[in-house]
Amino acid sequence: MAIFVNKIIKICYFRPRPFITNKVGLLIPAKRDSSFPSKHTVVSFAASIVIFYGNRFIGRILLWVSACTGFARIWAGHHYPSDVIGGALIGGTIGWFTEKCLMPISKSGKQN
């Protein structure tokens, strides 16, 4: 779901990546698609939130890993800070929505 939402946003809104608009030395080669939102950040925060609801300890660790992922994307010159913050908010919302709205359906199903 997170990747789908990310693709829809990238189709509807284009923002050039920092290495396109500024002279930024890239650490890793990148696509020239829209920089908003950061797909890595969206997916990692969505997964971290879902895991956080199942296991608070592991979820907290993964939330820190997700934050580091976002920071690394900025440091590598692939995203602006607002791309990462937006990605974290979108991913967190998708993770929350998945846990609150979709997971109770699967948890209520009984198997024999």
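Just give me the residues in the range 69-89 being buried (at least 23 other Cβ atoms within 10 Å of the Cβ) and within 19 Å of residue 31 (Cβ to Cβ), in sequence order.
Taking the range 69-89 first, the residues buried (at least 23 other Cβ atoms within 10 Å of the Cβ) are 70, 73, 78-79, 83-84, 87-88.
Selection gives 70, 73, 78, 79, 83, 84, 87.
Give the residues of the range 52-68 that are more than 25 Å from residue 81 (Cβ to Cβ) and in a helix (DSSP H, G or I), sorted by residue number. Working first, answer last.
From the range 52-68, those more than 25 Å from residue 81 (Cβ to Cβ) are 53-58; that's our starting set.
Of everything in the range 52-68, those that are more than 25 Å from residue 81 (Cβ to Cβ) and in a helix (DSSP H, G or I) turn out to be 53, 54, 56, 57, 58.
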Condition set open to solvent by less than 50 Å² (accessible area, probe 1.4 Å) and not in a helix (DSSP H, G or I), scope the range 19-35, selection modelled with the highest pLDDT: answer is 34
Tell me yes or no: at least one residue of the range 39-59 is open to solvent by 40 Å² or more (accessible area, probe 1.4 Å) and at pLDDT below 85. yes
Answer yes or no: is there a residue in the range 69-92 that is farther than 23 Å from residue 1 by Cβ, over 16 Å from the mean Cα position of the chain (by Cα) and without any contact (Cβ under 8 Å) to a residue 40 or more places away in the chain.
no
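The values are calculated or read from the model by the stated rules, or taken from the named source; none is laboratory data. Keep in mind it's a predicted model, so treat the numbers as computed, not measured. Quick reminder, even Gly has a Cβ in these numbers, built from the backbone with ideal geometry, and neighbours come from all protein chains shown. These accessible areas exclude ligands, DNA and RNA; they are computed on the full protein's heavy atoms, side chains included. Shrake-Rupley method; radii C 1.70, N 1.55, O 1.52, S 1.80 Å.
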